[in-house]
1. Inside the range 21-72, counting only strands (runs of 3 or more DSSP E) that do not spill past its ends, which hold 2 or more residues that are in contact (Cβ under 8 Å) with a residue 40 or more places away in the chain?
2. Can you name every residue in the range 10-39 that is surrounded by 14 or more Cβ atoms within 10 Å (Cβ to Cβ) and modelled with pLDDT of 85 or more?
3. If I filter the range 48-66 for residues that are under 18 Å from the mean Cα position of the chain (by Cα), of a type in the set (Gly, Ala, Ser) and modelled with pLDDT of 85 or more, do I get at least one hit?
Amino acid sequence: MNKARLIEKIAELVAREDNRGHRDLRDESDRDGMRIVIDLKRGEVPDVVLNNLYKHTALQSSFGIIMLAIVGGRPRCCRWSR
């Protein structure tokens, strides 16, 4: 997901009536990195708002992978033990 789509999705959440914890949304990104600032209303619990953003946006994604390597012409699963 690109930054513009992410900000658009968060703005939709801010505008929704059932998500009242946000007060304002600003994009303060520059050439040094991406920064999205979300101002919260007084009394809101930041962890609750953050978990809500994780739930409804692509801020946090998970996916499964299979680590497979070809060793000596035969497939083997990679092991991470040292």
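1. On the way: elements: 22-27, 36-40, 68-71.
Qualifying strands (runs of 3 or more DSSP E): none found.
2. The answer is ASP27, and nothing else.
3. Filtering the range 48-66 down to residues under 18 Å from the mean Cα position of the chain (by Cα) leaves 48-64.
If we keep only those that are of a type in the set (Gly, Ala, Ser) too, we end up with 58, 61-62, 64.
Subset that is modelled with pLDDT of 85 or more: none.
Within the range 48-66, none of the residues are under 18 Å from the mean Cα position of the chain (by Cα), of a type in the set (Gly, Ala, Ser) and modelled with pLDDT of 85 or more.
The values are calculated or read from the model by the stated rules, or taken from the named source; none is laboratory data. Here the structure is a predicted model, which means the values were calculated and not measured. Glycine also receives a Cβ, built like all others from the backbone with ideal geometry; neighbour counts cover every protein chain displayed.
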